[in-house]
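A quick write-up on the structure given underneath.
The numbers here are math on the coordinates, done by the rules we state, and not lab data. On a predicted model such as this, the values are computed, not experimentally measured, just so you know. Cβ sites come from the backbone with ideal geometry, for glycine too, and all protein chains shown count toward neighbours.
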Amino acid sequence: MRRILLAVGVAFAAFAVATLSGTAAAPAGGPPRYLDQKASIHNRVNDLLHRMTLEEKVGQMDQQLVDNLTGPSNNCGSQGWAQLNQTCLKTWLVDNNVGSLLAGGTDNPPDTTGQGGTGNTGYDWANEYNMIQKYAIENSRLHIPLIFGVDAVHGFGHPWQAPLFPQSIGMGATWDPSATEAGGAATGKALRATGWVWDFAPVQDLSRDNRWGRTYETWADAWCHRDRQALRRLLPGDQRP
């Protein structure tokens with residue numbers, strides 16, 4: 001499955017080029033080479049693209065909120081994360097060929113143990129991934145896995161008792177790259193344990209104007225960076241920040 005996901009990821013940019021051509025790809029002849037784990041990624045991507053219709057290519061570039069698939073009714077819109085909804089799974093993953101899902105800042109899974117738990121544990125996240133991914137692979141025409149995205153800006157903060165870190169502006173204020181790297185490594189490890197590995201991660205930038213509402217998601221304000229450079233010129237070497 002990981003190799004299929006890698007092939008899909010490499011092909012993602014190519015979908016846009018193929019889609020803009022305005023023609024639907026004709027199914028390639030012979031057995032599906034893109035499912036052959038021994039074939040090269042290049043050959044697998046080419047084979048997959050030639051088998052995809054225009055609608056499938058467009059769908060792969062679409063991302064839906066996870067609660068559009070799991071809502072309590074068959075309206076299949078954003079209604080909160082409930083149990084899996086078979087009608088909505090079919091609507092988005094089969095009929096509309098959606099290629100990725102996103103769990104936003106307030107999206108948390110319910111109990112998946114069947115034992116009346118509170119939900120939103122690491123197990124629930126992994127279990128939801130397994131169930132949705134299984135449906136997508138088994139029911140989509142080309143058996144293409146989904147890519148699962150999640151907001152994990154300062155730690156994978158969704159699951160109960162997951163480690164959290166300061167927002168990027170706070171980590172930047174420490175002037176300690178090793179602390180930032182450790183936080184990123186811990187976040188990556190938590191995500192890999194659940195399958196939700198497309199991290200909508202921090203902005204790798206310095207904010208130019210702290211009136212921008214998401215300055216806190218950057219490492220620092222440009223003025224702070226400038227002031228630090230001025231301090232380095234003025235202070236003795238052993239006192240420089």
- Task: Scan around Ile147 for amide H atoms under 5 Å from its own, H built in the peptide plane at 1.01 Å from N, and keep only partners 5 or more places away or cross-chain.
- Result: Ser100, Leu101
- Gain upon complete extension [Ala82, Asn96; 0.36 nm per residue less C-alpha separation]: 2.9 nm
- Sequence-distant lysines (8 or more away, or on other chains) whose Cα lies within less than 16 Å of Lys134: Lys90
- Message: Net charge within 15 Å of Thr53 by Cβ-Cβ distance, Lys/Arg positive one each and Asp/Glu negative one each, not counting Thr53 itself?
- Response: -2
- Task: Choose one of Val98, Pro145, Asn74: the residue whose Cα lies farthest towards the positive end of the charge dipole of the stretch 62-202 (beta-carbon charges +1 Lys, Arg; -1 Asp, Glu; about the Cα centre).
- Result: Pro145
- Query: What is the calculated FRET efficiency for Ala182 to Arg208, with r their C-beta to C-beta distance and R₀ = 25 Å, to the nearest 0.05?
  - Reply: 0.35
- Query: Applying 1/(1 + (r/R0)^6) with R0 = 30 Å to the Cβ-Cβ distance of Gln63 and Asn43, what FRET efficiency is obtained, to the nearest 0.05?
  - Reply: 0.65
